[in-house]
Structure formats: structure tokens, C-alpha cells
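The values are calculated or read from the model by the stated rules, or taken from the named source; none is laboratory data. Just so we're clear, the structure is a prediction, and the values are computed from it rather than from any experiment. Positions of Cβ are backbone-derived with ideal geometry, glycine not excepted, and every protein chain shown enters the neighbour counts.
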Amino acid sequence: MKQQDSQFLNTFSVVIGSLLALTILLFALARVVGAMTQREQLRSDPDYTAGVAQNITPFARVAVAGQDNSALAIVETRPSAGGTGPAIPETADAAYELACKTCHGAGIAGAPKVGDRAAWAPRIAEGKETLYKHAIEGFAGKTGVMPAKGGHANWPDELIRAAVDHMVELEK
């Protein structure tokens, strides 16, 4: 190997080693500064403290024979009136737009597209009761899957039936 190549490799190694050492030093400095400045802010963050409180809450309670276990009575909790979940649609059209159109508009998971009369004809021929049953209970066919209530288990059966009627009307 030539002397110039050897000298280049030595210089290159020193530069790379220096850059690596500088990177490690900067990383360590950032960790130290971050730990010093963010720890107090994190501890005072209400979301963080609520999450910690939720994580350390006991998930089970034990009743002991011969002890007063009245504090362990099962209390039914109901969601508040302003619940956090999505509202149940008022009309069949709104239910179709919110849930059904996702799959039946694009043909996802083998769902027959609205407007594809050839795909809907055999299903409609089976009768509305079969369509209702498949929509409410779910169905796994040869060409696709229908989740129960379109994945909205909290929706009433009457709304699902109305949404099915709405889609059948779109096919006429």
C-alpha cells in the first residue's frame, strides 16, 4: 500500500472516530438536559398523572370470608349523557352514510356495491328477513364478510333493518 493511501486512511479514521465521539457526546448531553428540564413538566401534566393513576388502580378486589365486604358491592356504572362515543344516527340514510357506504360504496371485503344490481339480485331474492339476519348477526359468505351490525354493536336492530331497506330501495 502506498504511503499516501495509508496516510489518508489514518486521517479518515481519525475524522470518523472524532465525529462518532462528538455524536455520542451530543446525545448524552441532550439526555441530561432533557431529564433536568422535562421531569417537572411531565410530573405536573394532568394527562400524565391521570394515566399513572389509571395504571396503578387495582383491577380486582378480593372478598374475604368473615370480613365486612360491603365496600366490594358491584356498582353499575353508566356512561354520562354526553358520552364520548359517536352518536347513533337518527335515520336509515344517515346510518347508510356513516357505516354501510364504507364497504358497500367501494366493494370492500366482497360487499356488493350499491348500484350493482347483478350482485344484489340473488341476495334480494333470498328475502328481506335473510338480509336483516345477515346484517344484524353478521355473515361470512363465499365472496365476502358482513360484520354484525356493520361493526356498530350499539345500534338498535330497527335502525339496521331500516338501513337494509334503504339499500334495497337504492337498487330499484
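Below, the figures for the structure above:
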{"item": "Qualifying position, being assigned to a helix (DSSP H, G or I) and touching a strand residue (DSSP E or B) at 6+ places or on another chain (Cβ under 7 Å), among Ala109, Ala99, Ala95, Ala119", "result": "Ala109"}
{"item": "Filter result for Thr11 (surrounded by 10 or more Cβ atoms within 10 Å (Cβ to Cβ), within 30 Å of Pro156 (Cβ to Cβ) and modelled with pLDDT of 85 or more)", "result": "no"}
{"item": "Criterion: modelled with pLDDT under 85 and aliphatic (A, V, I, L, M) - qualifying residue of Ala30, Ala71, Ala21, Ala50", "result": "Ala71"}
{"item": "Options Gly115, Gly66, Gly105, Gly141; residue that is surrounded by 10 or more Cβ atoms within 10 Å (Cβ to Cβ), at pLDDT below 90 and on the phi > 0 side of the Ramachandran plot", "result": "Gly115"}
{"item": "Residue count for the stretch 25-51, restricted to those that are of a type in the set (Val, Ile, Thr) and more than 38 Å from the chain's Cα centre (by Cα)", "result": "0"}
{"item": "Ala135 vs. criteria under 22 Å from Pro89 (Cβ atoms), at pLDDT below 85 and in a helix (DSSP H, G or I)", "result": "no"}
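To keep it simple, each residue is scored yes or no on (1) assigned to a loop (DSSP other than H, G, I, E, B); (2) among the small types (Gly, Ala, Ser); (3) over 25 Å from the mean Cα position of the chain (by Cα).
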residue	(1), (2), (3)
Cys103	no, no, no
Gly115	yes, yes, yes
Gly150	no, yes, no
Glu158	no, no, yes
Arg161	no, no, yes
Glu169	no, no, yes
